[in-house]
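What follows is calculated from the coordinates using simple rules that are stated; it is not laboratory data. Please read all numbers here as calculations on a predicted model, not as lab measurements. Cβ atoms come from the backbone with ideal geometry, glycine included; neighbour counts cover every protein chain shown.
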Amino acid sequence: MTSDAPPARVLVVDDDPTVAEVVTGYLVRAGFTVDRAADGHAALAVAAAARPDLVVLDLMLPGLDGLEVCRRIRAEHGEVPVVMLTARGDEDDRILGLEVGADDYVTKPFSPRELVLRVGSVLRRAGTRREAASGTDTGPGTGPGTGALLRSGPLTLDPAARRATRDGIELALTMREFELMAFFLQHPGRVLGREELMHRVWGWEFGDLSTVTVHVRRLREKIEDDPARPRLISTVWGVGYRFDPPIAPTTEAADA
């Protein structure tokens, strides 16, 4: 951000006035412009009046819940980054929030300072994605970006078109599954720890490592012949995961 650039506008959506006030105070002190909303309908109205650069969004809201608000904001305003707040400990709820478009999540109770750091990190990643979309090289470790097709056995991934196929059939991948698959294809045969995947694939400097585990499991369900006995994405116990490129079968007929 240049010195004369306007501060990023953050929309804080939380029905707990104490949480909203504390978060707002920390964000303002960090240099952000902050709008507030106490429920889902108010959040959509505020976003329509002044498009935010990022939304801090509570999952549990009266009326429209955070998941629906996230969906509608994405549908109406495009790639607005979202950091989701959740008091739930259930892993699937956190993953669902990420899959509907949230860029990161923070579990209550949380440190406001940590939240401010995450907001800044997500905004930087969003800027990097915009540079990639405009054709600027994002460098290593920032996701698939744009570029040549990635192929391995039956798998083909087109980073520019955000399209992945298996045996020519398109895969219904979420954004994060797509980015994870791209990273595996770019690093065949290498053992990758969950912390490394979390940081290099999604740019998260904080987060629950179980999120990586769940994304790997869901990706296996879409690319493996038998997800219960994976052959493409192997677990290296105590370390992480390794993508093993399939070996193309050879026959005497092929050499004839």
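Scanning the range 103-119 for residues that are surrounded by fewer than 16 Cβ atoms within 10 Å (Cβ to Cβ) and of a type outside the set (Ser, Thr, Tyr) turns up Lys108, Pro109, Arg113, Glu114, Leu117. Residue count for the range 154-174, restricted to those that are surrounded by 15 or more Cβ atoms within 10 Å (Cβ to Cβ) and either among the hydrophobic types (A, V, I, L, M, F, W, C) or farther than 15 Å from Val216 by Cβ (or both): 10.
Here is a yes/no grid of residues against (1) over 23 Å from the mean Cα position of the chain (by Cα); (2) in contact (Cβ under 8 Å) with a residue 40 or more places away in the chain; (3) part of a loop (DSSP other than H, G, I, E, B):
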{"residue": "Val19", "(1), (2), (3)": "yes, yes, no"}
{"residue": "Val55", "(1), (2), (3)": "no, yes, no"}
{"residue": "Leu64", "(1), (2), (3)": "no, no, yes"}
{"residue": "Glu68", "(1), (2), (3)": "no, no, no"}
{"residue": "Ile73", "(1), (2), (3)": "no, no, no"}
{"residue": "Val83", "(1), (2), (3)": "no, no, no"}
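When the range 151-190 is examined, which residues are found to be part of a strand (DSSP E or B) and of a type in the set (D, E, K, R)? Before you say what the answer is, go through the steps one by one.
If we filter the range 151-190 for residues that are part of a strand (DSSP E or B), which is where we start, we get 151-152, 155-158, 163-166, 169-170.
Within the range 151-190, Arg151, Asp158, Arg163, Arg166, Glu170 meet the criteria.
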